[in-house]
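Read the structure below first, then the notes.
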Amino acid sequence: MTETPGAGLQVLVCIKRVPDSSSQILLTEDAQAVDGRHVGFTVSPHEECAVELAIRLADATGGRVTVLTVGPPEAVDQLRNALALGCGAAVHVEADPARLGPADVAREIAAVVQEHQQAGTSYDLVLLGNDAADSGDFQVGIRLAYALGRPVVNGTSTLEVADGVLTAHVDGPAGAETYSVPLPAVATVLEGGVEPRYPTIKGRMAAKKVAVEQRAPVTEPQGPRRVRLLLPPPSPSTVEVLGEGSAAASAVVDLFEKLGVGR
Amino acid sequence: MILLFLETDAEGVTEISLETVAFARSLSAAGGGIAIRAAVIGQLPDGVREELGAHGVNEVFHVSGDAFDSYAGAAWAAALQELRERTGSVVVAAAGSPRGNEVIAHLAARLDVPMAANVISFAGLAPFVVTRQVVGGAALEEMRLDVRPALFTVAGHAWTAERAPEPVATAWQEVTPEVAPADLVARVVAVGAKEEDRSDALKSARVVVGAGRGAGGPDGFDAVIELARLLGGALGVSRVVTSLGWRPHHEQVGQTGSRIAPELYIPCGISGAIQHWAGCASSKTILAINTDPEAPMVTKADYAVIGDMHEVVPAVVEELHRRRG
Ligand SMILES: Cc1cc2nc3c(=O)[nH]c(=O)nc-3n(C[C@H](O)[C@H](O)[C@H](O)COP(=O)(O)OP(=O)(O)OC[C@H]3O[C@@H](n4cnc5c(N)ncnc54)[C@H](O)[C@@H]3O)c2cc1C
Ligand SMILES: Nc1ncnc2c1ncn2[C@@H]1O[C@H](COP(=O)(O)O)[C@@H](O)[C@H]1O
């Protein structure tokens, strides 16, 4: 199942470098991507939780987490952050994400999984975020599962592995759902089930020493079919200030009465 | 031909699925009156046929059988795949809900065609170009979907779940598609009590009182909780609050939390980052309480009080008590 039979879980976790815009979004000149140059970059909270779950599973079984990204040269920063948290290996498929569609990304990830398998490392579990923070396609994990011929659980927030079976919990429309699927499997993660850890200084030092596996894409991308990105027109502020401090309390309660709330 | 996957709960077809039907009606009209068909899966409440007739759905396929007793994304997509072939549908769509996105993504992977998530409108029919939400709704993308079948989901709150101007007589077919064992491997094996979906109260609340970093610490929530109680509402918080461990994640509002649409949202000490706004933009009225008059939450709000939430909120609570005697 893994390099040494009977060894711990091999987990692959996929993260995407995305702009860390918080107050305002800017677009690149060609309107094909969000411009992150002035705001910095991060990964989605869903993926932070996927990394945390992956590390916990690997640690509990004496296994290893490999972190993967398909992205520009700078995306190595996001890989190093994940290494600092406790991932043991990293793979960087260098490509411009604005030129890739979700099917392209899934194909690239599948190619890495298959090639590593031939080289002797079989990933028991591949974790992804439920949706990427920028493009929000909601599909890479599912497409990957089909490409690999593996079952997929979508939108899980906590999971366990025992005896080659993944038990995943999902907050479903009718209540807390449980899935129980044999490994190898794919799962996409939603924020909320675990609190991502912070890197330690020791972790940061160790991360610098890990050699990141650099790869080129294996296929010509079909592309995202994007015509252009648009920003919703800024709506002029029409805020009515009811007052300052506790003196505004009476105006606030008047508003409640006007809106008919709280009775 | 348009084929929809619609979700139901104990009361009927879900609101967001009816919004999707409204979108499909406008697409149908633009295409010269294309028929709208829908698949509903598993156990149904009463009245679904009448409800969908009122919303203009021409034909419904009710998918049932042992394979559909509990949810399995691949199996549900397999059923949709068979119905698509049978009906020759060129568009297959669902709500931009967790299930809707999941089932359509399965179908997209099975057919190896593109999928557009969270569509709000179409920008053109030939070629088919859709406009969809990206970055949690803070930006939009125009995407070419000129492949058949065109697969997409419709973002919540983008359309109103209005009835059709004229009800239609809805044809009804019971179907039990074959499902391959591989499509049942990832299947829900147990469903816990409904109470465990703790964000439900927040998502359906008429009033939400929000609290962010301005709460100051885990002990800073008493007054906002009391205000929420007095207004018969729920507490919602920002991601800073959950990631600092001050409050549990199921109370988080935003791109990676709950989407709320209350009559009144009262964010206190929340700056209004785009990812938070993604979760509260559908609020009817927003009253922001913040020390900073320039905070995006304040400038985007309908009403604001400028001040320390630890003074303003207790004063409002006291005033409510006073007026209620
Ligand atoms: C991909 C991604 C997804 C995200 N998803 C979410 C999400 O789902 N939900 C979410 O909320 N965030 C999300 N975030 C984080 C988001 O970008 C912001 O960091 C977060 O919303 C800020 O929380 P805040 O407003 O509480 O804190 P801050 O931005 O620090 O704002 C605090 C506000 O409180 C005011 N204030 C301070 N003290 C007081 C006081 N005593 N009285 C009154 N006002 C006071 C300040 O003026 C300020 O406006 C996400 C980020 C990313 C990158
Ligand atoms: N460029 C990428 N590199 C690595 N993982 C990715 C990339 N794009 C998407 N993913 C993964 O797929 C998940 C879903 O993305 P999406 O389907 O694009 O919304 C993300 O949360 C990531 O875990």
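With the requirement that a residue be under 15 Å from the mean Cα position of the chain (by Cα) and within 13 Å of ligand 2 (Cβ to nearest atom), what does region A:58-75 give you?
In the first step, residues of region A:58-75 are kept if they are under 15 Å from the mean Cα position of the chain (by Cα); the result is A:65-71, A:75.
Within region A:58-75, A:T66, A:V67, A:L68, A:T69, A:V70, A:G71, A:A75 meet the criteria.
Can you pull out every residue in region B:251-285 that is over 20 Å from A:A133 (Cβ atoms), within 9 Å of chain A (Cβ to nearest Cβ) and surrounded by fewer than 24 Cβ atoms within 10 Å (Cβ to Cβ)?
Selection gives B:E263, B:K284, B:T285.
Would you check which residues across region B:290-325 are within 16 Å of ligand 1 (Cβ to nearest atom) and within 20 Å of B:I274 (Cβ to Cβ) and list them? Full working, then the answer.
Taking region B:290-325 and keeping what is within 16 Å of ligand 1 (Cβ to nearest atom), we get B:290-301, B:303-317.
Passing the criteria: B:N290, B:D292, B:P293, B:E294, B:A295, B:P296, B:M297, B:V298, B:T299, B:K300, B:A301, B:A304.
Take B:S283 and decide whether it is in a loop (DSSP other than H, G, I, E, B) and either modelled with pLDDT under 95 or within 11 Å of ligand 1 (Cβ to nearest atom) (or both).
no
Scan region A:169-188 and report the pairs whose first residue is facing chain B (nearest Cβ under 7 Å) and whose second residue is open to solvent by 20 Å² or more (accessible area, probe 1.4 Å) and among the hydroxyl-bearing types (S, T, Y), with Cβ atoms within less than 9 Å and a gap of 6+ or a chain change.
Partner pairs satisfying both residue conditions: A:D171/A:S157; A:P173/B:T14; A:E177/B:S70; A:T178/A:T167; A:Y179/A:T167; A:S180/A:T167; A:V181/A:T167.
Only one of A:L79, A:L83 is away from every other protein chain (no Cβ under 14 Å), away from ligand 2 (no atom under 11 Å from the Cβ), crowded, with 22+ Cβ neighbours inside 10 Å and aliphatic (A, V, I, L, M). Can you tell me which? Break it down into steps so the answer makes sense when it comes.
Values: A:L79 fails: away from ligand 2 (no atom under 11 Å from the Cβ).
The conditions single out A:L83.
Collect the residues in region B:108-133 that are in contact with a Ser or Thr (Cβ under 6 Å, 6 or more places away or on another chain), at pLDDT 95 or above and of a type in the set (A, V, I, L, M, F, W, C), keeping them in residue-number order.
Passing the criteria: B:A117, B:I120.
Could you give me the residue pairs with C-beta distances under 8 Å whose first residue belongs to region A:49-67 and is within 16 Å of ligand 1 (Cβ to nearest atom), whose second residue is among the charged types (D, E, K, R) wherever it lies, and which are 6+ apart or on separate chains?
Within 8 Å, the pairs are A:C49/A:E191; A:E52/A:E195; A:E52/A:R197.
Please go through region A:6-43 and give me each residue that is within 11 Å of ligand 1 (Cβ to nearest atom), open to solvent by 10 Å² or more (accessible area, probe 1.4 Å) and not in a strand (DSSP E or B), ordered by number.
Hits for region A:6-43 are A:K16, A:D20, A:S22, A:S23, A:V39, A:G40, A:V43.
It is to be established whether one or more residues within region B:62-81 are of a type in the set (D, E) and closer than 23 Å to B:I34 by Cβ.
Filtering region B:62-81 for residues of a type in the set (D, E) gives B:66, B:69.
Filter once more, so that each one left must be closer than 23 Å to B:I34 by Cβ: none.
Within region B:62-81, not a single residue is of a type in the set (D, E) and closer than 23 Å to B:I34 by Cβ.
State all residues of region A:101-116 that are β-branched (V, I, T) and either open to solvent by less than 20 Å² (accessible area, probe 1.4 Å) or within 16 Å of ligand 1 (Cβ to nearest atom) (or both); if no residue qualifies, say none. Spell out the reasoning first.
Narrowing region A:101-116 to residues β-branched (V, I, T): A:105, A:109, A:112-113.
Within region A:101-116, A:I109, A:V112, A:V113 qualify.
Would you confirm whether or not region A:215-236 contains a residue that is over 30 Å from B:V147 (Cβ atoms) and facing chain B (nearest Cβ under 8 Å)?
yes
Taking the criterion of being assigned to a loop (DSSP other than H, G, I, E, B), at the interface with another protein chain (Cβ under 8 Å from one of its Cβ atoms), touching a Ser or Thr at 6+ places or on another chain (Cβ under 7 Å) and closer than 30 Å to B:R322 by Cβ, would at least one residue in region A:239-256 satisfy it? First the steps, then the outcome.
So in region A:239-256, the residues assigned to a loop (DSSP other than H, G, I, E, B) come out as A:239.
Narrowing the set further to residues that are at the interface with another protein chain (Cβ under 8 Å from one of its Cβ atoms) leaves A:239.
With the extra rule that they be touching a Ser or Thr at 6+ places or on another chain (Cβ under 7 Å), the set shrinks to A:239.
Retained after the next criterion (residues that are closer than 30 Å to B:R322 by Cβ): A:239.
The answer is yes, given that some residue of region A:239-256 is assigned to a loop (DSSP other than H, G, I, E, B), at the interface with another protein chain (Cβ under 8 Å from one of its Cβ atoms), touching a Ser or Thr at 6+ places or on another chain (Cβ under 7 Å) and closer than 30 Å to B:R322 by Cβ.
Report yes if some residue within region A:136-156 is in contact (Cβ under 8 Å) with a residue 60 or more places away in the chain, part of a strand (DSSP E or B), open to solvent by 10 Å² or more (accessible area, probe 1.4 Å) and within 14 Å of ligand 2 (Cβ to nearest atom); otherwise report no.
No, because not a single residue in region A:136-156 is in contact (Cβ under 8 Å) with a residue 60 or more places away in the chain, part of a strand (DSSP E or B), open to solvent by 10 Å² or more (accessible area, probe 1.4 Å) and within 14 Å of ligand 2 (Cβ to nearest atom).
Please work out which residue is farthest from the other protein chains (Cβ to nearest Cβ), limiting yourself to region B:89-140 and to residues that are small (G, A, S) and over 22 Å from B:E15 (Cβ atoms). Reasoning before the result, please.
Going through region B:89-140, the residues small (G, A, S) turn out to be B:89, B:93-97, B:100, B:105, B:108-109, B:116-117, B:121, B:123-124, B:126, B:136-139.
Pick out the ones that are also over 22 Å from B:E15 (Cβ atoms) and you get B:89, B:108-109, B:123-124, B:126, B:138-139.
Working: B:S89: 20, B:A108: 6, B:A109: 4, B:A123: 8, B:G124: 9, B:A126: 14, B:A138: 5, B:A139: 5 Å.
Here the residue is B:S89.
Would a scan of region A:118-126 turn up a residue that is among the charged types (D, E, K, R), more than 16 Å from ligand 1 (Cβ to nearest atom) and free of Cβ contacts under 8 Å to residues at least 60 places away in the same chain? Steps first, please.
The initial filter retains those residues of region A:118-126 that are among the charged types (D, E, K, R), namely A:124.
When the remaining residues are screened for being more than 16 Å from ligand 1 (Cβ to nearest atom), the result is A:124.
Okay, now just the ones that are also free of Cβ contacts under 8 Å to residues at least 60 places away in the same chain, so none.
Checked against the condition, which is being among the charged types (D, E, K, R), more than 16 Å from ligand 1 (Cβ to nearest atom) and free of Cβ contacts under 8 Å to residues at least 60 places away in the same chain, region A:118-126 yields no hits at all.
Residue by residue, here is whether (1) free of Cβ contacts under 8 Å to residues at least 24 places away in the same chain; (2) in contact with a Phe, Trp or Tyr (Cβ under 7 Å, 6 or more places away or on another chain); (3) over 23 Å from B:V185 (Cα atoms) holds:
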position: B:S28; (1), (2), (3): no, no, yes
position: B:I34; (1), (2), (3): no, no, yes
position: B:L44; (1), (2), (3): no, no, yes
position: B:L52; (1), (2), (3): no, no, yes
position: B:D69; (1), (2), (3): no, no, no
position: B:G73; (1), (2), (3): no, no, no
position: B:A78; (1), (2), (3): no, no, no
position: B:A93; (1), (2), (3): no, yes, yes
position: B:S97; (1), (2), (3): no, no, no
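Going through A:A119, A:A98, A:A60 one at a time, which residue ends up being within 14 Å of another protein chain (Cβ to nearest Cβ), surrounded by fewer than 21 Cβ atoms within 10 Å (Cβ to Cβ) and on the phi < 0 side of the Ramachandran plot? Before the answer, list the steps.
Values: A:A119 fails: within 14 Å of another protein chain (Cβ to nearest Cβ); A:A60 fails: within 14 Å of another protein chain (Cβ to nearest Cβ).
After applying the criteria, what remains is A:A98.
Condition (residue is under 30 Å from A:L26 (Cα atoms), away from ligand 1 (no atom under 16 Å from the Cβ), at the interface with chain B (Cβ under 7 Å from one of its Cβ atoms) and of a type in the set (S, T, N, Q)) applied to region A:139-147: is it met by at least one residue?
Yes - at least one qualifying residue is present in region A:139-147.
Going residue by residue through region A:64-72, is there one that turns out to be within 26 Å of B:Q275 (Cα to Cα) and open to solvent by 10 Å² or more (accessible area, probe 1.4 Å)? Spell out the reasoning first.
Narrowing region A:64-72 to residues within 26 Å of B:Q275 (Cα to Cα): A:67-72.
Those left that are additionally open to solvent by 10 Å² or more (accessible area, probe 1.4 Å): A:70, A:72.
Checked region A:64-72: at least one residue is within 26 Å of B:Q275 (Cα to Cα) and open to solvent by 10 Å² or more (accessible area, probe 1.4 Å).
Run B:Q255 past the list (1) within 30 Å of B:L83 (Cα to Cα); (2) within 16 Å of ligand 2 (Cβ to nearest atom) and report the number of the one that doesn't hold.
Result: B:Q255 fails condition (1) only.
Would you pick out the residues in region B:267-280 that are near ligand 1 (Cβ under 6 Å from one of its atoms), small (G, A, S) and within 23 Å of the chain's Cα centre (by Cα)?
Correct list: B:A273, B:G279.
Which one is most open to solvent (accessible area, probe 1.4 Å), of the residues in region A:175-202 that are among the hydrophobic types (A, V, I, L, M, F, W, C) and part of a strand (DSSP E or B)?
The extreme case among them is A:A176.
So A:V11 clears everything in (1) within 18 Å of B:H276 (Cα to Cα); (2) touching a Gly at 6+ places or on another chain (Cβ under 7 Å) except one condition, right? Which one?
Exception for A:V11: condition (1).
The values are calculated or read from the model by the stated rules, or taken from the named source; none is laboratory data. These numbers were taken from a predicted model, which means no experiment stands behind them. Please note: Cβ atoms are built from the backbone with ideal geometry, for glycine as well, and neighbour counts cover all protein chains shown. When the accessible area is computed, the model is the full protein with side chains, heavy atoms only, and any ligands, DNA or RNA have been set aside. Shrake-Rupley method; radii C 1.70, N 1.55, O 1.52, S 1.80 Å.
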